[in-house]
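J.: I'd like to ask you about the structure that follows.
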Amino acid sequence: MPVLGEVAKSDYVTGAAQSYRKLQPDDIPANHPVARFHDVYLEIAGADGVIDRSLFHPAEHPPLLPWVQILERMPDSRYRARLLGTGVTRLLKGDFTGWYLDDYIDGDLLHQRLTEFNQALEECKPVFSMSTIRPENGPNWEVYRGIFPARKDEQDLVFAILAPNVERLSAP
């Protein structure tokens, strides 16, 4: 497991900007974790388009949990990982819970994530994309991603759902 400061952040997760593509919800297969979370979002998001964190009950959605990340926007506008599901930690080759996003990704990849997170929170609607991620010492993965605006009390959060594009969940 990586320890902050022992390895250069470029060794954690890298990604080429040219592999990035914005998507619409209908571009993602209905049984993919991102599409399934979008269904949950449509059920629990408030009239403002934001999920109240207290309305998402993980025990009600066990097949989604490996692919869920929750990040909070800090007062300095950095994002801190509050939770990374087991599927995400396998993809990224590390559990970065508690880390700031800019401690484990940088460059174009960081810019893309910050743009998506800020867009989701400012527009109060999800942002969908696909890209290639290249974890430290691991295979390249083509992934679908959904970024969903959320809030806990007055704290801005994003639910970032990330899973290989080949991942499928069984029928609900």
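What follows draws every value from the coordinates through simple rules; no lab data is involved. It should be emphasised that the depicted structure is a prediction, and the values quoted were computed from it without experimental measurement. Cβ sites come from the backbone with ideal geometry, for glycine too, and all protein chains shown count toward neighbours.
J.: Between GLU123 and MET74, what is the label-to-label distance in nm when each label sits 7 Å out along the Cα-to-Cβ direction?
T.: Each label point lies 7 Å from its Cα, and together they span 2.7 nm.
J.: While we're here: Calculate the spin-label point distance for THR89 paired with ARG134, positioning each point 7 Å from the Cα along the beta-carbon direction, and give it in nanometres.
T.: 2.6 nm
J.: Just in the range 93-172: which GluC sites (Glu not before Pro) are loop by DSSP and have at most 12 other Cβ atoms within 10 Å? Present the calculation step by step, with values, prior to reporting the outcome.
T.: Values: sites: GLU116, GLU122, GLU123, GLU136, GLU142, GLU154, GLU167; in loops: GLU136, GLU154, GLU167.
Passing sites in the range 93-172 are GLU154.
J.: Now a separate question. When the chain is modelled as a GNM with alpha-carbon springs shorter than 10 Å, which of ASP76, ASP106, ASP156 fluctuates the most?
T.: Of ASP76, ASP106, ASP156, the most mobile in the Gaussian network model is ASP76.
J.: To continue, here is another question. Modelled label-to-label distance, ASP106 and ASP26, 7 Å Cα→beta-carbon offset: nm?
T.: 4.2 nm
J.: Any chance you could run the full-extension gain for LEU42 through ARG82? It's 0.36 nm times the residue separation minus the Cα-Cα distance, nm to one decimal.
T.: Values: separation 40, 0.36 × 40 = 14.40 nm, distance 2.26 nm.
Extra length available between LEU42 and ARG82 comes to 12.1 nm.
J.: Before anything else, pin down the relative contact order of the range 20-164: Cα pairs under 8 Å, at least 6 apart, normalised by residue count, whole percent. Walk me through the numbers before you get to the answer.
T.: Values: 264 pairs, mean separation 43.2, N = 145.
The normalised contact order for the range 20-164 reaches 30 percent.
J.: Let me ask something additional. Compute, for the range 20-164, the length of the dipole vector about the Cα centre, with Cβ point charges of +1 (Lys, Arg) and -1 (Asp, Glu) only. Units Debye, rounded to 20.
T.: Values: 16 positive and 22 negative charges, 71 e Å.
My answer is approximately 340 debye.
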